[in-house]
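Quick note: the coordinates plus some simple rules give every number you see, no bench work behind them. Since this is a predicted model, take the numbers as computed values, not measurements. Backbone-built Cβ (ideal geometry, glycine too); neighbour counts: all protein chains shown.
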Amino acid sequence: MYQEYETKINEILVKNEIQTSITLLQPPSLELGDFCFVVNRVSGKNDPIEFGNKLKDFFVDLSGIHSITLFNTAGESGKKGVIYLNFTLDENMKISLMQNQIQSNFKNVNKKSYGTSQLNTGKTAVVEHTSANPISPIHVGNLRNSIQGDTYARILKSTGYKIHRLYYVNDVGLQISLVAIGYEITKNLNIKPVIKVDLHFGQIYAIMNCFYSIDQIKRKSKNKQNSLSKGYQFTESDISILQDEYKAEIQIIQSKIDTITVIDKASNNQKKELRDLKRDLTKLEDESKNIEKYDRIFYNLKGRFPKLFHPLLEEVSKLDLDKRQKTYLYSFEKNTDKYISSIFRELVSWNLGAFEWTLGRYNIEFDQFDYESDLTWSGKADEVIDQLAKSPNIVAKEGKALRYSYPSEAMAEFSKKTGRNKNSFPIKGQIPDLQLRRADGTALYPAKDIAYSIQKFEEFKPDVIYNVISTEQTLPQFQLLLPLFELGKVKYAKNLFHYSYDRVDLKGRTMSGRMAQYITADDYYNETFIRARIAKRDSDEKRGKSIPVTDEEWEEENLVLHAITLASTRFPLIESSPKRRIELDLDRELDFNRNSGPFIQYAHARANSILIKAEKEFNIKPSIKIDFNQITDIDVLEISDHLMLFEEKLNLAADTQDPSQIATWCFQLAQYLMKYYEKYPVLKLDEVNIVKARLFVIAMIKKGINVGLTTLGIPAVDRL
RNA sequence: GAGCCCGUAGCUCAGCAUGGAUAGAACGCUUGCCUUCUAAGCAAGAGGUCGUGGGUUCAAAUCCCACCGGGCUCGCCA
């Protein structure tokens with residue numbers, strides 16, 4: 001708005017042989033002035049106060065200026081302070097500048113293209129998110145991933161990217177093979193799910209995992225031949241035998257640790273040994289705790305899900321679970337037995353169907369599901385390994401096991417060619433080796449991930465790929481890059497990004513897939529929906545609105561409630577920056593007075609209601625053809641400036657991987673609406689020109705809120 | 001042991017990229033405002049050693065260093 005003054009002031013400074021250029025700032029209050037700059041920036045070694053007084057004289061010829069004053073932040077007493085030169089404009093000049101600014105702002109907001117940017121026009125981006133294991137329901141923890149990923153994809157799209165949203169289906173692995181075995185058993189016994197299938201499979205998973213874990217603990221024991229009981233549960237004597245065994249082992253390690261600790265100046269090798277020993281110790285301690293833990297889980301699951309538990313236990317007791325798990329997984333990985341493969345595929349498709357339904361309610365969709373098994377069967381992971389095997393950085397260990405060892409000398413080149421700053425590496429110095437293949441010759445997850453990355457680049461030819469994965473996976477996500485680089489895929493290594501977010505915890509609750517204990521995404525939705533209905537009915541009652549009677553009225557109410565539910569579930573998961581760990585307090589999120597999501601929708605509904613009324617009762621439609629001389633409120637300038645900020649925030653959100661920028665912007669805009677609404681009545685004025693002008697302001701704010709909410713994947717409602 | 005993230009009001013968080021006047025908001029608390037465009041709202045008030053200590057600078061919540069507290073990661077798991 002004061003661009004011209006900035007240019008002129010800089011010209012004057014140059015004329016007076018002051019080299020430093022200034023940028024104009026906004027004083028904290030209008031009483032101080034309309035714009036200002038910091039004298040210290042240009043005063044150099046001179047005393048800033050003296051210098052400032054001299055400066056004042058340079059600007060006497062500037063037109064439209066009412067007064068220029070000097071301000072010392074240190075006050076009278078202080079010696080050091082910031083010296084501001086404050087400019088106050090003539091009232092007429094100020095209003096005309098303001099009206100010009102508002103007019104030009106609103107012209108832009110009124111355009112169809114408002115709410116988008118051209119930053120990435122013509123480019124393509126792939127966003128992979130959610131990718132939750134298809135063995136137990138999507139829970140609130142997964143939901144942060146989904147909502148972050150979905151929102152980020154929308155933001156990227158608004159900046160011009162063509163977007164592909166992918167879900168990577170981890171359908172190969174130990175856990176899913178346990179579910180497959182359980183599923184096959186229930187299928188043969190003709191046990192059908194009586195609850196939503198993902199919950200049903202979550203229970204099968206918890207039960208099978210419990211049996212398997214107990215079995216594994218027993219197998220590891222040296223006593224298993226003689227004294228341990230057979231079967232998939234612990235007897236009292238099992239527990240005491242196993243605990244004694246662990247105690248003995250822990251003691252041995254502890255004494256080793258003690259001997260090293262005594263040494264005054266331990267060598268580096270000894271230090272390393274000490275670290276390893278301590279790690280072993282924690283591992284052993286954890287394992288010993290597992291005995292009682294799984295014993296507890298066993299009875300817990302038995303009590304909670306008897307109709308699945310008993311038949312599964314009975315059937316599993318007839319077989320060697322460890323052996324079957326290995327054969328099933330191996331067979332599925334190699335796709336050698338059509339029947340076994342079909343079991344895996346069936347259960348996955350059940351679960352994914354349930355996931356799509358759950359996420360669909362949250363306004364989250366995918367363009368494609370990529371199956372890990374397809375990737376495995378295609379042999380692409382093996383190809384990658386074969387190619388990498390020629391590298392001098394590959395270390396072979398027992399059997400067919402291969403690991404990739406990161407050569408420190410190659411890191412500099414990698415850093416240079418991919419533009420990835422060494423300071424941004426998750427580890428300084430030696431990057432830990434990456435295990436690519438098991439001793440039995442099957443590819444491990446990292447190898448598949450490399451292959452999948454290549455596949456994504458080849459399939460969509462994107463400019464960038466974002467993997468939305470929790471911050472815990474920072475290292476493995478980084479480890480992908482150097483092998484890609486070494487395979488000659490420099491561009492891929494350069495353009496593959498880890499969009500990381502920290503975990504979400506639930507206040508007062510622990511979630512555990514192993515115990516089939518979680519707040520599912522469905523629970524979260526349903527609970528919010530119900531409370532939204534109560535809140536809406538309360539407020540309707542206050543306003544004297546009747547409760548819905550006809551089918552149409554019910555349907556309309558449900559649509560509104562759905563929108564509110566989306567706002568109050570999605571908003572808390574993006575309103576703070578992704579890198580911060582958040583603790584969801586359900587009582588807080590479900591209190592609509594505390595939640596900013598519905599607040600924004602409420603602002604939109606209020607704006608809409610004015611517009612509707614204006615059209616119905618006065619037959620006035622908002623139009624840009626208004627008399628801008630009618631706008632003399634500084635509030636409108638602030639509002640129009642804020643509306644113009646959207647594009648900048650959009651680009652920033654895309655650049656810094658931070659959708660919270662948009663959330664904050666929306667919230668502030670809603671606040672502007674509320675304040676404007678209270679301060680400036682629109683339809684109660686006689687002056688038609690003022691009514692039209694204010695109505696247009698309301699229409700522009702409504703558009704802004706609509707654009708903002710849409711970018712966040714939250715519906716803007718016309719009524720609430 | 002090494003690396004990364006976090007530490008700002010009673011609670012939940014903005015602000016830090018690009019240093020600049022009195023550090024913002026929501027909730028909670030206190031006080032007003034519904035016969036007037038939707039009170040899921042508005043106005044006002046109380047509430048802060050910006051984790052600690054040092055450094056750079058005319059100027060530090062913001063940049064640098066050290067430390068303290070919390071979390072995460074470092075597997076033939078995925």
Quiz item: Can you put A:Asp57, A:Asp540 in order, fewest other beta carbons within 10 Å first?
Solution: A:Asp57, A:Asp540
Self-check item: Compactness index (Cα Rg / 2.2 N^0.38 Å), region A:234-348
Solution: 1.60
Practice problem: Calculate the dipole size of region A:609-649 relative to its Cα centre from +1 charges on Lys and Arg beta carbons and -1 charges on Asp and Glu beta carbons; express the result in debye to the nearest 20. | Solution: 340 debye
Exercise. With θ set to phi - 60°, apply the Karplus curve 6.51 cos²θ - 1.76 cosθ + 1.60 along region A:122-136 and write out the HN-Hα couplings as whole Hz, x wherever there is a Gly or Pro.
Key: x, 9, 10, 10, 10, 10, 9, 8, 6, 6, 6, 4, x, 10, 8
Quiz item: Quick one: Debye curve from the C-alpha atoms of chain A, no solvent, what's log10 I(q)/I(0) at q = 0.06, 0.09, 0.10, 0.11 Å⁻¹?
Solution: -0.53, -1.01, -1.15, -1.27
Quiz item: Given charges of +1 on the Cβ of Lys and Arg and -1 on the Cβ of Asp and Glu, with all other atoms neutral, how large is the dipole of chain A about its Cα centre, in debye to the nearest 20?
Solution: 1260 debye
Exercise. Starting from the Cα of A:Ser349, step 7 Å along the direction of its Cβ; do the same at A:Leu683; then give the gap between the two resulting points in nm.
Key: 5.5 nm
Quiz prompt | Modelled FRET efficiency - R0 56 Å, A:Arg719 with A:Lys428, Cβ distances, 0.05 increments | solution = 0.50
Self-check item: region A:418-543: radius of gyration over Cα atoms, expressed as a fraction of 2.2 N^0.38 Å
Solution: 1.57
Quiz item: Based on the inverse mean of 1/r over its pairs of different Cα atoms, what is the Kirkwood hydrodynamic radius of region A:131-232, in Å?
Solution: 16.8 Å
Quiz item: What's the FRET efficiency of A:Lys390 with A:Lys107 using the Cβ-Cβ distance as r and R₀ = 60 Å, to the nearest 0.05?
Solution: 0.45
Quiz item: Given the C-alpha centroids of region A:182-227 and region A:673-697, what is the distance between them in whole angstrom?
Solution: 66 Å
Practice problem: With N denoting the number of residues in region A:579-693, provide Rg(C-alpha) divided by 2.2 N^0.38 Å, to two decimal places. | Solution: 1.31
Self-check item: Cβ-Cβ FRET estimate between A:Trp357 and A:Ala248, R0 fixed at 56 Å, reported to 0.05
Solution: 0.60
Self-check item: Degrees between helix A:236-262 axis and first principal axis of chain A (Cα, 0 to 90, nearest 10)
Solution: 70 degrees
Self-check item: Environment charge at A:Lys162 (Cβ cut-off 15 Å; Lys +1, Arg +1, Asp -1, Glu -1)
Solution: +3
Practice problem: Give me the angle, in degrees from 0 to 90, between the Cα long axis of helix A:3-15 and the longest principal axis of the Cα atoms of chain A, rounded to the nearest 10. | Solution: 80 degrees
Practice problem: Compare the Cα positions of A:Tyr677, A:Leu709, A:Ile454 along the charge dipole of chain A (+1 at Cβ of Lys, Arg; -1 at Cβ of Asp, Glu; about the Cα centre) and return the one farthest towards the positive end. | Solution: A:Ile454
Practice problem: Could you go through region A:506-521 in sequence order and give the Karplus-derived ³J(HN,Hα) for each residue, using 6.51 cos²θ - 1.76 cosθ + 1.60 with θ = phi - 60°, rounded to whole Hz, and x for Gly and Pro? | Solution: 9, 5, x, 9, 10, 10, 8, x, 5, 9, 6, 10, 7, 8, 6, 4
Exercise. Please report A:Ile631, A:Ile239, A:Ile454, A:Ile252 as a ranked list, fewest other C-beta atoms within 10 angstrom at the top and most at the bottom.
Key: A:Ile252, A:Ile239, A:Ile454, A:Ile631
Practice problem: Of the options A:Phe618, A:Val348, A:His562, report the single residue whose Cα projects farthest towards the positive end of the charge dipole of chain A (beta-carbon charges: Lys, Arg +1; Asp, Glu -1). | Solution: A:Val348
Quiz item: Using modelled backbone amide H atoms (1.01 Å from N, in-plane), which distant-in-sequence or interchain residues come within less than 5 Å of A:Asp34's amide H?
Solution: A:Phe87, A:Thr88, A:Leu89
Exercise. Could you list which residues have their amide H under 5 Å from that of A:Arg437, counting only those 5 or more apart in sequence or on another chain, with H placed in the peptide plane?
Key: A:Leu402, A:Leu444
Quiz item: Rounded if a/c is under 1.5, else prolate if a/b beats b/c, else oblate: with a ≥ b ≥ c from the C-alpha gyration tensor eigenvalues square-rooted, which is region A:346-451?
Solution: oblate
Self-check item: Residue among A:Tyr518, A:Val490, A:Ala535 farthest towards the positive dipole end of region A:480-545, charges placed on Cβ
Solution: A:Ala535
Quiz prompt | Cut-off under 5 Å, modelled amide H: who pairs with A:Tyr499 long-range | solution = A:Asn467, A:Val468, A:Ile469
Quiz item: Magnitude of the Cβ-charge dipole of region A:289-435, K/R +1 and D/E -1, about the Cα centre, nearest 20 debye?
Solution: 560 debye
Quiz item: How far is the Cα center of region A:523-589 from the Cα center of region A:355-428, in Å?
Solution: 41 Å
Quiz item: Angle between the Cα long axis of helix A:646-656 and the longest principal axis of chain A, 0 to 90 degrees, nearest 10?
Solution: 30 degrees
